[in-house]
Amino acid sequence: MDGNGLSSDEVIAKLIEMGFQNSSVLEAVKAVGPSFDDALEYLSNYSHRNSRGASSSSRCSTSNEKNLGKRTLSSLPSSGQLRQSSILDHFQSTARPKKRRTGFLPDALVPVEEHKEDLSGMHCNLETMSELFPVDCPWELDIASDWEKKVVSLLQKHFRYSSLKNFQKEALAAWLAHQDCLVLAATGSGKSLCFQIPALLTGKVVVVISPLISLMHDQCLKLAKHGVSACFLGSGQPDSTVEQKAMRGMYSIVYVCPETVLRLIKPLQRLAEGRGIALFAIDEVHCVSKWGHDFRPDYRRLSVLRENFSACNLKFLKYDIPLMALTATATIRVREDILKSLCMSKETKIVITSFFRPNLRFSVKHSRTSSPSSYAKDFSELIDIYVRKRKTGEKKQTIISEELDDTSYGSDSYEIEDSYTGGDVDEVDSMEENGLTASKGKEMSVEYLENDVDVFQSVDDWDVAFGEFNGQSSWEEGDMRGLSETIDPPSKPEERLRLLHEPLEQGPTIIYVPTRKETLRIAKFLSGFGVKAAAYNASLPKSHLRQVHKEFHENTLEVVVATIAFGMGIDKSNVRRIIHYGWPQSLEAYYQEAGRAGRDGKLADCTLYANLTRVPSLLPSKRSEDQTKQAYKMLSDCFRYGMNTSCCRAKILVEYFGEDFSYDACLLCDLCTDGVPQMQNLKEEADLLVRVIATNCGSTFMDDSYDDTTCTDIKQRRSMEMLNLRAYVSKIRELYQKFVTTDLLWWRGLARILEGKGYIQEADDKIHVQIKFPEPTKLGLAFLRSKGDETFHVYPEADMLLSMNKCTSYSTFTEWGKGWADPEIRRQRLERMRQKPDGSRGKQKQRKSRASRKSRSRKSNKNNSDLRTVRGRIEAKLSKYK
Ligand SMILES: Nc1ncnc2c1ncn2[C@@H]1O[C@H](COP(=O)(O)OP(=O)(O)OP(=O)(O)O)[C@@H](O)[C@H]1O
Ligand SMILES: [Mg+2]
């Protein structure tokens, strides 16, 4: 320390800052010791000595002199050995011995301190880089002191955000402490920033593992806008040089799919030794788990990251490179699986925020969701909203309403109107007819897809022309506008109540459907009414998908009708409606997709239209036995969510993810606003159902000693005797006249309620979405024996309410149908049919059904030939691009 309390390093740095040459300063300190005043005096004398007889080589170049500006203070030596201060000098003077490295400075390096900014955009070799950000240099010490301040300045500079959110702070603090971190935060909460900031803060590279190329592409584009260089690698990357450049450290953020990261272990190790890797971020990490909704086997192999990037394997590392795993949809079981599968450290910091999205308004509606007549009923409001916005003409409005009111509306009966006002009518024709309006382009029109479920896309689902994104200057006018509109979602109950009275703002809609075919059918239907709608599913041409993405982000599209292929991570702030048209496959998928709505914090609607009279059964086609079981379990949870009539929807959703919902109710969902149905005392019915089941299962079940978990011999026997719920309901109808007309749908709801109470359970080894082979439990038998309690008050569930509603239009529950379930009515009807003198009615019926079979087959032939024509057209068009 010198007399001013400065260390020798600080004395050196200060003198260099003042503009003295590096070598002179070192010589001065060597000569007079670490004293600032003495060294300054020495340098002054040195200057005089030199001005008298120094060689020109020791003088600073004249070009620097003119740059000195204010720095050439009168108090400082005015001679030529002073030169402009450079951060490189400072680092060189204090840096450790150089290591040999190759590579480039990142093209959009964004150093923290102001003076480092001079370097952005510059290309120099990595030797300089390693001086700036030496791998084993304790940059963390430098950053740790006031990292929050530095982050805020980066946030403002690049993203125009004023501060970090608490969970983002926590995640960054864990990373600074070299800890692994699992971030569980709601959709749209800003998880990406947790792994983007470390790249900006350190100048090292952040490697992000992401499941979809479309998602990587989206994020790279955004980063480029924010002035951060990024690229993605993988089979979707057409430019082979991008990978080499990335491995030499030219991009701050490198997105890779799991397959690629596994292939690139060695180059990544070299990158870690060169520019350095600040962090491995595993986004959408629920894909690791078999118990999650979107399992990707390659995600499980990511445990190699821990092995290959630990300090004990890579000697140049002081600490293991931290892992940061992020998701918005992980149940407790999935979380445990993630930690274990990725070999995350025992000290992994778990950062968890509420999964609650207070500005989302959830509701469930019954719909057959199967034909244009249901589309007409369910989408009339949507069509009105979008078409009214553009077309003020009364005529059009009337036409739409008339058409939509016609519930007998057949699949072939609607006319395609001019629609798609933004485009040239000629260009729209066949595309619109086929629901592919996105690209205005003449790409293709299809109705050729099988009824496929999009399970998941392979990582190379997306081909893009360019995979590198150079950070360009941030913030165009439009972006700024977008940002200023983002608000904090209402967390206080009174704020949420206020939302109730606000209309939805304008913005796009995403309709999620289970099958690829439906994406086309619904997009076609909506386009027919003039809505700018487009289909999106994994089997459509990449060029079309790209176009949909583009137009969706540019607000040119009003509605995207998609399978789950258009889900994870999509970050568009003003999506106002998410419609699920048909049962989703899990609540995780549902919440993930619903999470695309209202990311600007404003009110948004999430509506599930599902056929509440049918038990869903559509499952992914490729799955193991284990996965099948899990898939049924998840589908079952989803079904129960739809059937629920008594508990706030948001509460069910967040509790599904293991969160204690602290708000009681969201105040916005259909059940919070419309209220719950009246409770009913179903003691008699419940008693009856449990009794009939218990009686059939054998007298042992009525025995006091029965234990539903341990009695294996009974269980073996019962598999022989298993009756399904339908059979029990028939028995009840046979035995009790009173219940002859109570349909199966109603009993199905009651069975679920009894199962929920623990009175009956599934006897089958398989998992069923709805209890199928009921057997009584010990609790159920106790319920039968209980004499005192004569009430069993419950809320009827959605299917029970539907069956009680006489106006139900679905055929399975018509009086005619019900009649056949009644043995007496059935006997009478059969008798009457036999008695017809010439069986005329029977013949007439046969004729009718033959005619309808013929017409069906004609239709299907026509469809097939249409299909062939369309396919031909598509192939012809696609061949042009080959
Ligand atoms: N600190 C912040 N201040 C203000 N807005 C922020 C902040 N961090 C993130 N955001 C906003 O949050 C939006 C969503 O961010 P991001 O895409 O990272 O969400 P996510 O949590 O990854 O969601 P998902 O789970 O759906 O992928 C961003 O577009 C941005 O506008
Ligand atoms: Mg995300």
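Quick notes on this structure:
- Principal axis dimensions, largest first and in whole angstrom, of the stretch 146-266 by Cα: 39, 27, 27
- The equivalent ellipsoid that matches the C-alpha gyration tensor of the stretch 642-694 spans semi-axes of 29, 15, 8 angstrom, in descending order.
- Calculated FRET value between Ile265 and Lys757, using beta carbons and R₀ = 45 Å, to 0.05: 0.25
- Rounded if a/c under 1.5, otherwise prolate or oblate - the stretch 567-695, Cα gyration tensor axes: oblate
- Among 332-343, 602-613, the order from most to least packed when residues are scored by Cβ within 10 Å on average: 602-613, 332-343
- Of Lys377/Lys731; Lys157/Lys532; Lys315/Lys340; Lys365/Lys738, those spanning more than 27 Å from alpha-carbon to alpha-carbon: Lys377/Lys731; Lys157/Lys532; Lys365/Lys738
- Proximal charge balance of Ser363 [Cβ under 13 Å; K/R count +1, D/E count -1]: -1
- Overall form of the stretch 513-588 per C-alpha gyration tensor (a/c, 1.5; a/b vs b/c): rounded
- 3J(HN,Hα) along the stretch 273-284, derived from phi through the Karplus expression 6.51 cos²θ - 1.76 cosθ + 1.60 where θ = phi - 60°, amounts to 7, x, 4, x, 10, 6, 5, 9, 9, 10, 7, 6 Hz, with x in place of Gly and Pro.
- Using 0.36 nm per residue and subtracting the Cα-Cα separation, the extra length available between Ile487 and Glu655 on full extension is 58.0 nm.
- Interchain or long-range residues, amide H under 5 Å from Asn611's placed H: Ser367, Trp583
- At q = 0.17, 0.23, 0.24, 0.28 Å⁻¹ the log10 of I(q)/I(0) for the stretch 239-292 amounts to -0.58, -0.94, -1.00, -1.25, computed by Debye summation with a single uniform scatterer per C-alpha, solvent ignored.
- Karplus-derived HN-Hα couplings along the stretch 590-598 (A = 6.51, B = -1.76, C = 1.60, θ = phi - 60°), whole Hz, x at Gly and Pro: 4, 6, 4, 6, 4, x, 6, 8, x
- Over all distinct Cα-Cα pairs of the stretch 246-365, the Kirkwood formula returns a hydrodynamic radius of 15.8 Å.
- Over all other residues within a Cβ to Cβ distance under 11 Å of Asp180, the charged ones net out to +1, with Lys and Arg as +1 and Asp and Glu as -1.
- Cut-off under 5 Å, modelled amide H: who pairs with Val561 long-range: Ile511, Ala534, Ala535, Tyr536
- Under 5 Å, built H, 5+ apart or other chain: amide partners of Cys606: Arg361, Phe362, Ser363, Ile578
- Extension gain, Leu735 back to Ser543 (0.36 nm per residue minus Cα-Cα distance, nm): 62.8 nm
- Rounded FRET efficiency, nearest 0.05, which uses the C-beta distance separating Glu502 from Arg390 and R0 of 25 Å: 0.65
- Peptide packing: for 373-385, 744-756, the average count of neighbouring Cβ atoms within 10 Å per residue gives the ranking 744-756, 373-385, highest mean first.
Read-outs throughout are calculated quantities, based only on the coordinates presented, and are distinct from any laboratory measurement. Everything numeric in this text was worked out from a predicted model, so none of it was measured. Ideal geometry is used to build each Cβ from the backbone, glycine not excepted, and the neighbour counts take in all protein chains shown.
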